[in-house]
Amino acid sequence: MSATRTVLLAGATIALFGGVAPVSVSGQASAPTAQVSVTMIAKPKGIEPGDLDRTADPCTDFHAFANGAWRAQNPMPKETQRWSRRAAGLETNRQQLKTLLAELAAKADRPRGSVEQQLGDHFAACMNEPLIDAAGVTPLAPLIEDINQVQDQAGIQRMIRRLHELAIPAPFVLTGASDYRDPASVVVNIAASGLGLPDRDYYLKSGGHFVDAREKYRAHVTRVLTLAGVDAVHAGKAADEILALETRLAEASLLPAAAADPATTAHKMTFAQLSQLAPHIDWERYFAEGGLPRIEVNVSEPAFVERLNRELEATPLNTWKAYLTWHVLESAAPWLSKPFALESFEFNDKYLGGAVAMKPRATICLESTEALLGEPLGRAYAERYFSPAAKVKVQEMVRTLLSVLKDDLRELKWMSDATRREALAKVESYDVSVGYPDAWTDESALVIRRDAFWANVAAARRFGVEADRRHVGKRMSRAIWQLPPSSPGAYIDIQLNLMGLPAGFLQSPAFDLAASDAVNYGALGVGIAHDLTHAIDALGQDFDSTGQPRKWWAQPDLDAFQKIGQCTVDQYDGYAIEPGVHLQGRQVLGEALGDLAGVRLAYLALERSMRVHPVPVLDGFSPEQQFFISWGQLRGAAETLDLQRQMVKSDPHPTARYRVIGPLSNTPEFEQAFACKAGSGMVRPPEQRCGAW
Ligand SMILES: [Zn+2]
């Protein structure tokens with residue numbers, strides 16, 4: 001599935017939250033399962049009192065007050081630029097998953113096809129480095145031999161189809177994707193690919209960095225081919241031919257930013273037109289063997305497919321055979337014996353990616369399991385760390401937030417009625433996926449062995465490709481997850497109008513079933529509300545409620561928004577990270593308004609929820625105080641000055657301190673909750689209070 005419209009929301013270095021979807025509140029008194037009732041009776045957990053710096057005045061610097069002690073007690077680890085309880089939570093997530101997999105791997109002979117068997121055996125096979133090392137390149141030998149045996153053009157194309165069944169993206173990629181202009185349907189998408197260097201500039205530009213990268217790439221290709229048994233002279237010659245072929249393909253490729261733009265790459269055509277565009281490629285056979293219906297296809301880069309057509313005709317057979325062998329090896333190298341894995345790391349991760357050291361084996365094996373067995377892993381993870389009661393609770397929060405947002409939109413003064421109707425329709429059609437899928441896919445037919453790591457990788461990739469192809473020609477399922485349930489990240493899909501909150505993301509400090517509603521609304525609730533506003537703000541105005549690319553804001557709304565936003569621009573222009581270096585209000589406007597709306601809407605949602613479920617005073621803090629402290633404790637973070645300087649130049653988000661302070665200083669309820677006096681640092685004068693949503 002195309003992910004270009006998707007905004008990833010988590011990770012230690014990016015914003016945590018994306019968008020959300022609403023529902024109406026009433027009658028939502030939850031379907032209390034036994035578990036829910038138990039947690040209702042038990043006294044909930046409040047904020048983290050140990051994180052508070054009680055020497056700081058909440059009315060002067062709330063960032064210091066809310067989590068100054070945590071930052072003082074938890075120095076930033078080396079090679080990190082931002083550190084917070086949330087960032088530490090990402091590491092906890094990775095550790096939980098490694099422990100879980102190690103436990104499952106410890107026991108052999110589980111029932112074949114069970115989630116536990118697949119996960120345990122895949123992890124065990126990955127961790128069994130002696131066996132992987134002993135096998136060397138032999139797991140790939142049959143595939144490489146088949147490439148060697150190719151005698152004609154039809155054979156090259158047959159091997160390309162086989163590579164695609166293993167998700168090896170050379171020389172192009174064919175997947176199911178939602179249609180840009182009819183996003184409810186899934187079409188075949190054909191995208192350019194097949195370059196071993198990151199993008200066309202690396203092949204075509206003359207600057208020192210690019211020249212160096214080409215030399216290193218040539219040496220890398222030569223070494224990998226040599227490791228696979230090709231003699232040095234032939235390997236060097238093959239590397240030259242591969243580089244030359246990839247350079248010709250690069251000439252016809254777009255740069256990554258353009259290639260990722262769904263508007264630039266929307267080129268729908270009939271099957272007949274595709275056959276005319278690239279008549280040398282046997283599309284009939286490709287579609288027949290792949291079980292793909294001959295419906296309309298999207299060719300994201302027609303110029304690339306035309307060039308590929310020519311290269312398939314004109315480039316010698318032996319060059320194509322070397323090229324395909326190389327891409328098989330490059331795709332498999334991280335999963336082969338040490339010499340291959342190390343060579344791949346040195347070039348791809350270290351030289352191109354800037355990595356310092358190879359990740360520990362358990363981390364590599366966790367990532368492989370998560371990428372290939374995402375649902376089984378999510379299932380095992382959720383069983384331990386995200387209960388059905390937690391899912392019910394977050395869904396209830398989402399419904400309340402959506403209903404508050406809808407009520408608020410009805411009252412919004414600056415928006416015209418026509419635009420308001422469009423905005424309400426978007427909120428009505430919004431979907432939020434919480435925790436894990438409502439129904440698990442049956443993956444029991446996937447054969448995972450304890451003693452054959454590459455075979456497992458190949459089988460799981462094939463399984464994934466087949467699943468993807470089955471969607472083509474059907475309606476786009478809104479239940480498809482774009483991240484596995486175990487992921488500590490979250491996402492919003494701007495075009496499809498949906499948000500995904502995986503179980504791995506719905507962990508403390510963002511969400512905790514044992515915590516009070518005030519704490520959860522102050523953290524997760526603000527984040528969800530913030531992301532919901534992206535569906536209707538400057539980010540979401542390009543797509544309507546059905547996902548059609550159509551600008552639905554009217555000019556008077558744009559003018560009014562511009563005027564209202566100036567207050568926030570001025571506010572953030574006034575914030576400095578060091579003497580003379582200020583935030584750029586215009587650059588952070590969308591995110592600052594999102595934070596402001598997030599705090600306001602989540603506060604209203606908490607009030608609404610407290611009518612049914614009151615929150616007690618905890619650790620001496622009122623529900624309102626818990627709410628604001630929770631926001632400060634989630635969002636507060638230590639950031640290096642270096643990082644802050646980079647953010648001020650180009651990040652659409654304000655720095656952590658101002659994400660905490662900015663919205664609260666506009667909020668009268670905050671002022672009341674902490675009995676702040678007019679004129680204190682955290683209280684903006686009434687005539688300077690900002691907000692759009
Ligand atoms: Zn945002």
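If you go through the range 583-639 and keep only what is outside any helix (DSSP H, G or I) and in contact with a His (Cβ under 6 Å, 6 or more places away or on another chain), you end up with just Gly636. Taken over the range 642-662, the criterion of being more than 21 Å from Arg71 (Cα to Cα) and within 16 Å of the ligand (Cβ to nearest atom) is satisfied by Ser650, Asp651, Pro652. Here Pro171 clears all of (1) within 20 Å of Ala288 (Cβ to Cβ); (2) buried (at least 18 other Cβ atoms within 10 Å of the Cβ) except the condition numbered (1). From the residues in the range 575-605 that are over 27 Å from the mean Cα position of the chain (by Cα) and either under 16 Å from Asp537 (Cβ atoms) or free of Cβ contacts under 8 Å to residues at least 12 places away in the same chain (or both), which one is nearest to the ligand (Cβ to nearest atom)? Of everything passing the filter in the range 575-605, Ala576 is nearest to the ligand (Cβ to nearest atom).
Listed conditions (1) surrounded by fewer than 20 Cβ atoms within 10 Å (Cβ to Cβ); (2) at pLDDT 95 or above; (3) over 20 Å from Arg214 (Cβ atoms) are all met by Leu377, apart from (1).
Every condition in (1) of a type in the set (A, V, I, L, M); (2) in contact (Cβ under 8 Å) with a residue 40 or more places away in the chain; (3) farther than 27 Å from Asp152 by Cα holds for Met358 except the one numbered (2). Across the range 272-289, the number of residues qualifying as buried (at least 17 other Cβ atoms within 10 Å of the Cβ) and either within 14 Å of Pro171 (Cα to Cα) or not acidic (Asp, Glu) (or both) comes to 7.
Within the range 174-191, the set of residues being of a type in the set (A, V, I, L, M, F, W, C) and either surrounded by fewer than 18 Cβ atoms within 10 Å (Cβ to Cβ) or closer than 24 Å to Ala458 by Cβ (or both) comprises Leu174, Ala177, Ala184, Val188, Ile190, Ala191. Just one of (1) farther than 30 Å from Glu91 by Cβ; (2) modelled with pLDDT of 95 or more fails for Ser477. It is (2). Would you check if Pro654 is within 25 Å of Leu405 (Cβ to Cβ) and surrounded by 23 or more Cβ atoms within 10 Å (Cβ to Cβ)? Answer is yes for this residue. Selection over the range 154-177 of residues that are small (Gly, Ala, Ser) and in contact with a strand residue (DSSP E or B) (Cβ under 6 Å, 6 or more places away or on another chain) gives a count of 2. Looking across Gln151, Gln157, one residue alone is surrounded by fewer than 18 Cβ atoms within 10 Å (Cβ to Cβ), farther than 30 Å from Arg478 by Cβ and modelled with pLDDT of 95 or more. It is Gln151. For the range 72-116, give me each residue that is surrounded by 21 or more Cβ atoms within 10 Å (Cβ to Cβ) and more than 26 Å from the chain's Cα centre (by Cα). Within the range 72-116, Leu104, Ala105 qualify. Regarding Leu312, is this residue assigned to a helix (DSSP H, G or I) and in contact (Cβ under 8 Å) with a residue 60 or more places away in the chain? Yes: the conditions hold for Leu312.
Give me the pairs, please: first residue somewhere in the range 250-273 and assigned to a loop (DSSP other than H, G, I, E, B), second residue anywhere and aromatic (Phe, Trp, Tyr), beta-carbon distance under 9 Å, and either six or more positions apart or on two chains. The qualifying pairs are Ala252/Phe304; Ser253/Tyr203; Ser253/Phe304; Leu254/Phe304; Pro262/Tyr180; Ala263/Tyr180; Thr265/Tyr180; Ala266/Tyr180.
Given the structure, is Leu225 of a type outside the set (Gly, Ala, Ser) and more than 25 Å from Ala191 (Cα to Cα)? It is true that Leu225 is of a type outside the set (Gly, Ala, Ser) and more than 25 Å from Ala191 (Cα to Cα). Counting only helices (runs of 4 or more DSSP H) that sit wholly inside the range 463-574, those with at least 3 residues that are in contact (Cβ under 8 Å) with a residue 60 or more places away in the chain and within 16 Å of the ligand (Cβ to nearest atom) are 526-534, 555-573.
The values are calculated or read from the model by the stated rules, or taken from the named source; none is laboratory data. Given the structure is predicted, the values throughout are model-derived calculations rather than measurements. Please note: Cβ atoms are built from the backbone with ideal geometry, for glycine as well, and neighbour counts cover all protein chains shown.
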